Amino acid sequence: MLTENFCYKKTSFPVCGFAHMKNLINFLIQYSVVFLFLFLEVISFTLIVKNQDYQKSVFLSSSNSVASTMFEWSNSVVEFFKLRAANDNLSEENTALKNQLVKLQNQLVSLKKETPDSVHFRIPPEMEYQFIAAKVIKCTTNKTLNYITINKGALDGIKPDMGVVSDEGVVGIVKTVSPKFSVVIPILNPKIEISCKFKRSNYSGGLLWNGEDSRYANLNDIARHVELALGDTLITSGLTSTFPEGIPVGNIEDFKIKESDAYYKIKVKLAVDFRTLSHVKVINYLNYQEQKDLEKKSEEQ
Amino acid sequence: MPTVLQNIIRFILLVLFQVLVLDNIQFLGYINPYLYILFILALPVQTPRWFSLLLAFTLGISIGICSNTPGQHAFATVLVAFARDGIIKLFTSIEEGNNPTPSFYTFGVSAYIKYVVILVVLHNVALFFLESFSFVSGWIILTKVVLSSLVTILMILGIQSFSKK
């Protein structure tokens, strides 16, 4: 009796076993729901943290087969209503391309006359890009972390970190890839920052979305001595290997600077309208691996 | 219709409606109502707590997978399922042995409105803060919480006032 009382007081040590086992079991049963609650919340929280690691969780993203099949089906219904707009865009682009073709052919002819000697011409390595056309089967714009699912995947040659563009401009970067589908992080997701520069002055900065309006984003890191004008065009800088130089990103909608600030606050109207996005092109930079390896090597030395 | 079957159908319909319709609709720019939480709110009162927690986790994961944010939805939904029992005990006096489905008729109008408002706001606050606490400024999150909660609450109350006893 005495010993048992004594034991109750120092509950944290399992010295006199049985009574404490019983206590412990009672305790566990009484609070089992709380434990289950905590357990599930810990799993959820782990998922939140883990999900930020790149390309690991194909199963837990909308590129898993059940979710993507469902979205593809729903998209085929929705897309029917977008056909007219898509057609208009295509024909416009077609015309522009044909014009360009004619212009280039003319230039080629004129060049041939001037240099009759055969000049060995190679595409510079940073220009070796290939486009993979894909269809958007799911795209959100009203969340804080938006994602896009497209209907091409690893079998079509898509890999994580590739850039994605549409006919209007930059869309985003590939995050997760399954055999037939991929998930893209668009500009409309504060997890990525796109390096871009002014077409006019070549000053570069990072473009970041603030979670508010799907038509606008903010440009950071432009110092106060740079001259700006409303409507200035922003293009990709080509400083990262994800996007080649010169793809349109947007125009300056508005900019502010206070007396005390060193950097501008710039509001950019995005070139791409994400609410009507239906067809995209994934950029495959053929020398990506070579460039990465080289950069890694020189960092190690 | 047996309650179990009714709840299974409700689960499937709410997930599909959330993912295929609500996630694609723009209300005033950036409101995304999360109606799926109605499934947890409408579980029978005496559902074992461990079971409603597991259901909430499954629901959260299913919604989350479709929007690429699995953890956030699971976390918020499990939180709501955990808080539900306390809220019910606080506002209503359900007799022992009764197992009604929460609604205007069983809870009374004011108790049911309070029940919906508190749980929906809890869900939205948890969700939006987890989704964006390090990325976006506090005012934007607050605006989103208020507007999204409001739309979700109105939708739930609207649906409930049309449903039969």
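A few comments on the model shown:
- Selection from A:Phe274, A:Leu188, B:Leu41, by position along the positive dipole direction of the protein assembly as shown (Cβ): B:Leu41
- Prolate/oblate/rounded call for segment A:202-301, Cα gyration tensor, a/c under 1.5 rounded: oblate
- Comparing the full protein assembly with the isolated chain (1.4 Å probe, heavy atoms, ligands and nucleic acids excluded), the residues of segment B:61-78 losing at least 10 square angstrom of accessible area are B:Ile61, B:Ile65, B:Cys66, B:Ser67, B:Asn68, B:Thr69, B:Pro70, B:Gly71, B:Gln72, B:Phe75, B:Val78.
- Local charge for A:Lys159 was computed over the other residues whose Cβ lies under 13 Å away, with Lys and Arg +1 and Asp and Glu -1, and equals +1.
- Percent carbon-and-sulfur accessible area, segment B:1-121, ignoring ligands, DNA and RNA, probe 1.4 Å: 69 percent
- Solvent-accessible surface, computed for protein heavy atoms with a probe of 1.4 Å, shrinks by 30 Å² or more for the following residues of segment A:128-157 when the other protein chains are added to the isolated chain: A:Lys138, A:Asn142, A:Lys143, A:Thr144, A:Leu145, A:Tyr147.
- Accessible-area composition of segment A:228-301, carbon plus sulfur, in percent [1.4 Å probe]: 48 percent
- Using only side-chain charges placed at the Cβ, +1 for Lys and Arg and -1 for Asp and Glu, the dipole size of the protein assembly as shown relative to its Cα centre rounds to 940 debye.
- Tensor-based shape of the protein assembly as shown (alpha-carbon gyration tensor, a/c under 1.5 rounded, otherwise prolate or oblate): prolate
- Computed with a 1.4 angstrom probe on protein heavy atoms, the A-B interface buries about 3500 square angstrom of accessible area in total.
- Where the protein assembly as shown is the region considered: accessible area per residue in Å², 1.4 Å probe: 56 Å²
The values are calculated or read from the model by the stated rules, or taken from the named source; none is laboratory data. Model, not experiment: these values are computed from the prediction. When we count neighbours, we look across all protein chains shown, and the Cβ atoms used for this are built from the backbone with ideal geometry, even at glycine. Accessible surface is based on the protein model in full, side chains and every heavy atom, while ligands, DNA and RNA are left aside. Shrake-Rupley method; radii C 1.70, N 1.55, O 1.52, S 1.80 Å.
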